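A.B. asks: Below: one structure in structure tokens.
The values are calculated or read from the model by the stated rules, or taken from the named source; none is laboratory data. Please read these numbers as outputs of a predicted model, since none were measured by experiment. Cβ sites come from the backbone with ideal geometry, for glycine too, and all protein chains shown count toward neighbours. Surface areas here come from the heavy atoms of the whole protein model, side chains and all, with no ligands, DNA or RNA. Shrake-Rupley method; radii C 1.70, N 1.55, O 1.52, S 1.80 Å.
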Amino acid sequence: MWKKIAFVLCVGAACGLGNRVGAQTADQAWLKDATPQPNPEAVRALGKGPLEQAALEELRRGIGRHKESSEIVIGTVDEVVHAFPALRVPTARAPGPEGYWLYREPDNKDLVIAGADERGVLYGAFALLRLRGEGQTLGGEVVRSTPAMAIRWVDEWDNADGSIERGYAGRSIFFEGSKVRDDLAPVGEYARLLSSVGINGCNVNNVNNAAPFLNAEMLSGLKRIADAMRPWGVRLAMSVDVASPQKVGGLATYDPLDPQVKAWWTAKVNEIYALIPDFAGFTVKADSEGQPGPASYGRTPADAANTLAAALAPHGGVVLYRAFVYNHHLDWNDKKADRARAAYDIFHPLDGKFAPNVIVQIKEGPIDFQVREPVSPLFGGLTQTSQAMEVQITQEYTGQQRHLVYLAPLWKEVLDFDLRVDGKSTPVKNILAGTAAFDRKVSAQAAVDRNRRSFDSSALRANVAQDDKSVSRTNSVGRRLGGMVGVSGVGRDAWLGSPLALANLYAFGRLAWDPNLAPEKIAEEWTRQTIGNDAEVVRTVTRMLMQSWPAYEGYTGPLGLQTLTDITGSHYGPGIEGSENNGWGQWHRADHEGVGMDRTVATGTGYAGQYAPEVANIFESAQTTPDDLLLFFHHVPYTYRLQDGKTVIQYLYDSHYEGAARAAEFVKDWEGLKEKIDPALYTKVLARLQYQAGHAIVWRDAVTQYFLKLSGIPDEMGRAGNFAGRLEAEDAKLTGYEVIDVKPWEDASRGKAVACDAKEKQRSCSAEWTYHGAAGVYDVAIEYFDLQGGVAQFDFRVHGKSTGSGADWVADATLPTKRPHGDNSVRHVVRGMVLKPGDVLEVTGTPDGSDPAALDYLEVMPVASSMH
């Protein structure tokens with residue numbers, strides 16, 4: 001038995017843990033209290049550091065506080081070896097930085113969690129709780145784990161006023177009223193959540209509105225945020241505007257090579273570190289989408305990044321410089337213009353010119369978080385530069401958390417993609433981890449000297465060539481730089497708004513830690529910890545998660561079309577032409593003859609040639625390009641046959657109907673779990689899945705109508721443009737309603753809807769139809785528009801009589817766009833209606849504020865197929 005060692009336990013506010021209070025807690029995500037064990041172990045820490053104490057508190061919280069015959073001992077590897085010299089510690093394969101091992105002596109009930117450092121101890125504690133939450137036990141084996149990537153950050157796009165750009169879960173947990181919130185309890189809880197999946201950094205403010213965060217009052221507030229996150233090993237980072245020396249400092253210039261500008265940044269960084277000694281660093285968006293940048297002075301991204309890096313280097317901070325730099329005023333008539341080329345064209349020539357503590361942050365694909373894009377070729381184009389892959393947890397183009405879309409399979413495809421640089425195996429995950437040929441080599445003489453106030457970047461670049469004297473590029477804690485950054489967008493509405501959307505935050509952390517994990521395994525882990533260990537629950541929810549991305553791709557933008565939405569607006573509902581006829585460059589070039597954008601070297605924009613030859617050759621030919629990216633690389637006729645023999649146009653019809661049908665199945669899958677899961681969770685998720693099933697039909701009809709009209713080629717199955725049982729609002733007997741055109745036309749059935757006439761004085765409007773179908777039991781779907789600025793009311797009646805439960809409802813959702821549009825088209829289903837020929841079906845709408853109670857159609861459906 002191990003010798004007992006005394007320790008000091010700090011509790012409560014003294015450890016920064018305190019009572020977990022506030023609008024939401026980490027327990028509302030996957031950190032449920034573990035089921036008490038029959039013989040709960042006592043837990044003790046060998047060290048007194050704050051992260052070990054956080055680990056101790058977490059274990060006692062999750063496992064139990066009663067001391068029994070066995071115990072869990074936690075500490076760093078050095079502490080464990082010192083405390084138990086006779087213990088057969090498996091040091092031959094010790095964990096790397098931030099890693100841990102879990103170990104139980106074969107003849108001993110006691111268990112040890114040993115971390116390579118304090119963070120490793122904390123991560124090891126969460127790993128043990130994860131195993132317990134999944135119902136697993138640790139035998140005599142050793143569990144070793146070290147994170148693959150040094151940078152494992154989330155980016156928040158929070159504004160000082162408390163709003164969140166591309167956030168879909170309410171207001172900021174960090175800011176309100178141009179200052180840091182008084183109540184930061186949710187920030188501590190968020191840090192706990194992040195730490196539980198190994199995330200070690202959090203950038204708290206929006207890259208598009210960063211200048212206000214560098215004033216003295218805001219920096220004092222940021223110190224409080226850093227203090228709240230520190231007990232969980234999460235370091236604070238922030239976005240900065242490269243024009244801040246001018247905007248904030250009052251200088252005449254923000255030229256990154258100007259000595260005054262350099263001095264201003266040095267002084268500002270020193271001010272930050274005086275408040276936040278463990279500050280992680282800066283994220284930069286420059287020369288993109290209207291943000292100022294070094295190009296204003298004829299400078300390069302490397303010039304700007306290195307100026308910031310020089311100020312941060314003495315403190316151990318890093319710069320993540322986003323490669324999201326492109327011209328959004330392209331000439332859409334120019335067949336050679338291509339936004340996809342921009343990142344590679346701008347950053348590839350700068351390879352090797354960045355300071356050692358600069359990481360180029362590259363979006364997973366060359367456009368902008370679309371439902372599917374090819375892997376960015378820039379990952380293979382920077383062989384002497386540290387890189388981080390930026391993915392989007394907040395679902396900007398993938399349903400905005402109103403749609404279930406589990407993104408881990410998408411990210412995993414990118415991580416596993418082999419870029420074949422120099423003809424050798426080069427998976428993206430190896431590049432991000434800094435392994436093998438993608439280790440940036442720098443001279444030991446040029447390594448960051450923490451005691452210097454700055455370093456000479458030109459001397460550094462000269463030393464890069466000294467390969468014979470080079471060492472692996474590391475940061476201040478000895479790790480290779482590189483990793484993953486997830487744009488999170490958490491807010492005060494249960495973190496991400498939708499309970500199931502939290503699977504994406506969980507999966508991001510797990511893949512950043514270990515990119516070899518299977519998305520299905522991650523989905524199962526998350527389900528067990530969040531919803532329950534029941535076999536049917538685990539099987540069903542895991543299947544729903546794994547099918548959700550293919551389903552969403554199917555009913556939005558398949559074959560590499562990207563997400564067919566309005567890219568200049570909400571990025572949410574269908575807007576097929578929203579990506580055409582503008583300078584933003586997300587074009588699909590659909591016309592009467594065919595669809596897709598020619599990005600080949602031979603006849604197109606040349607984008608395909610940015611890949612290494614083996615990969616470029618695959619994308620150069622339509623015959624060898626994978627079907628799921630065909631239209632990203634090639635413009636082909638609608639009659640072009642895919643690899644399975646199906647024509648492009650028929651695939652577009654089929655995929656949209658199949659994807660919408662699968663979204664309907666999610667509702668049935670979830671309903672089958674009603675008796676096995678928490679009632680509040682069941683109800684909240686069911687409403688979201690029902691909405692998604694209806695909105696998938698909006699997407700299906702919009703895209704199929706559009707391509708049917710454009711191509712003139714009918715659907716072989718006779719579905720597109722034909723809707724049995726659909727009664728159009730404009731064909732009804734209208735009282736108070738007027739017929740309106742919906743734009744874009746495809747977002748309404750036949751392009752029209754009805755809205756209460758604002759000029760009329762009556763309180764409500766009505767639409768009546770006479771039913772001429774067969775007698776029977778039907779579900780009746782009412783498609784209406786739920787607009788901002790009011791809460792319209794609706795009522796469905798048959799022969800003037802209420803039809804019972806669900807017959808009246810309010811349009812109180814918060815949806816984008818202030819006019820009738822696919823963004824706010826909603827389907828309400830009244831179930832089990834007994835109808836016979838001659839019945840008068842009536843919908844009454846009562847407008848409110850700027851919501852005119854607009855209607856699109858009514859659809860009578862056989863019960864068995866109503867969701868399809």
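A.B. asks: Contact list please: Cβ distance under 8 Å, first residue in segment 122-140 and over 16 Å from Asn533 (Cα atoms) and touching a residue at least 40 places away in the same chain (Cβ under 8 Å), second residue of a type in the set (Val, Ile, Thr) and assigned to a loop (DSSP other than H, G, I, E, B), pairs at least six apart or on different chains.
C.D. replies: Every condition considered, the pairs that remain are Phe126/Val197.
A.B. asks: Would you mention how many residues in segment 702-729 are over 21 Å from Lys818 (Cα atoms) and assigned to a helix (DSSP H, G or I)?
C.D. replies: Count: 9.
A.B. asks: Can you name the condition, by its number, that Lys743 falls short on among (1) open to solvent by 40 Å² or more (accessible area, probe 1.4 Å); (2) closer than 22 Å to Gly773 by Cβ; (3) of a type outside the set (Ser, Thr, Tyr)?
C.D. replies: Of everything listed in (1) open to solvent by 40 Å² or more (accessible area, probe 1.4 Å); (2) closer than 22 Å to Gly773 by Cβ; (3) of a type outside the set (Ser, Thr, Tyr), Lys743 misses just condition (2).
A.B. asks: A further question on this structure: Which residue pairs have Cβ atoms under 9 Å apart, sit 6 or more places apart or on different chains, and have a first residue in segment 313-334 that is farther than 30 Å from Ala267 by Cα and a second that is open to solvent by less than 20 Å² (accessible area, probe 1.4 Å) and among the charged types (D, E, K, R)?
C.D. replies: Close Cβ pairs (under 9 Å, with a partner that is open to solvent by less than 20 Å² (accessible area, probe 1.4 Å) and among the charged types (D, E, K, R)) amount to Tyr326/Arg339; Asn327/Arg339; His328/Arg339; Leu330/Asp338; Leu330/Arg339.
A.B. asks: Taking the stated definitions as given, is Ser766 under 29 Å from Gly575 (Cβ atoms) and modelled with pLDDT of 95 or more?
C.D. replies: no
A.B. asks: Could you check segment 621-650 and list, in sequence order, the residues that are surrounded by fewer than 22 Cβ atoms within 10 Å (Cβ to Cβ) and part of a helix (DSSP H, G or I)?
C.D. replies: Asp627, Asp628, Leu629, Gln650
A.B. asks: Could you list, in sequence order, all residues of segment 541-585 that are closer than 20 Å to Lys335 by Cα, open to solvent by 10 Å² or more (accessible area, probe 1.4 Å) and not aliphatic (A, V, I, L, M)?
C.D. replies: Listed by number, the residues that qualify are Glu577, Gly578, Glu580, Asn581, Asn582, Gly583, Trp584.
A.B. asks: If you don't mind, another one. Out of (1) under 29 Å from the mean Cα position of the chain (by Cα); (2) farther than 30 Å from Ala720 by Cβ, what's the single condition that is false for Glu614?
C.D. replies: (1)
A.B. asks: Take the conditions over 18 Å from Gln586 (Cα atoms) and open to solvent by 10 Å² or more (accessible area, probe 1.4 Å) and apply them to Asp351. Does it pass?
C.D. replies: When the stated conditions are applied, Asp351 passes them.
A.B. asks: Of the residues in segment 257-287, how many are crowded, with 20+ Cβ neighbours inside 10 Å and touching a residue at least 24 places away in the same chain (Cβ under 8 Å)?
C.D. replies: Qualifying residue count, segment 257-287: 14.
A.B. asks: Condition first: farther than 17 Å from Gln547 by Cα, open to solvent by 20 Å² or more (accessible area, probe 1.4 Å), in contact with a Gly (Cβ under 9 Å, 6 or more places away or on another chain) and outside any helix (DSSP H, G or I). Can you find one or more residues in segment 670-679 that meet it?
C.D. replies: yes
A.B. asks: Ala343: touching a helix residue (DSSP H, G or I) at 6+ places or on another chain (Cβ under 6 Å) and modelled with pLDDT of 95 or more, yes or no?
C.D. replies: yes
A.B. asks: Output the number of residues of segment 741-786 satisfying the condition of being of a type in the set (A, V, I, L, M, F, W, C) and not in a strand (DSSP E or B).
C.D. replies: The total comes to 6.
A.B. asks: Of all residues being in contact with a Leu (Cβ under 8 Å, 6 or more places away or on another chain) and not β-branched (Val, Ile, Thr) in segment 733-754, which is farthest from Thr817 (Cα to Cα)? Just the residue, please.
C.D. replies: Only one residue fits best here, namely Tyr737.
A.B. asks: Follow-up question, since we're still on this one. Given the criteria among the aliphatic types (A, V, I, L, M), in contact (Cβ under 8 Å) with a residue 24 or more places away in the chain and under 30 Å from Pro637 (Cβ atoms), does Leu710 qualify?
C.D. replies: So Leu710 passes the test.
A.B. asks: Does segment 164-184 include one or more residues that are closer than 26 Å to Ser498 by Cβ, β-branched (Val, Ile, Thr) and open to solvent by 10 Å² or more (accessible area, probe 1.4 Å)?
C.D. replies: Looking through segment 164-184, at least one residue is closer than 26 Å to Ser498 by Cβ, β-branched (Val, Ile, Thr) and open to solvent by 10 Å² or more (accessible area, probe 1.4 Å).
A.B. asks: Let me ask something else about it. Might you let me know whether segment 592-605 holds any residue that is touching a residue at least 40 places away in the same chain (Cβ under 8 Å), touching a His at 6+ places or on another chain (Cβ under 7 Å) and open to solvent by 10 Å² or more (accessible area, probe 1.4 Å)?
C.D. replies: Yes, some residue in segment 592-605 is touching a residue at least 40 places away in the same chain (Cβ under 8 Å), touching a His at 6+ places or on another chain (Cβ under 7 Å) and open to solvent by 10 Å² or more (accessible area, probe 1.4 Å).
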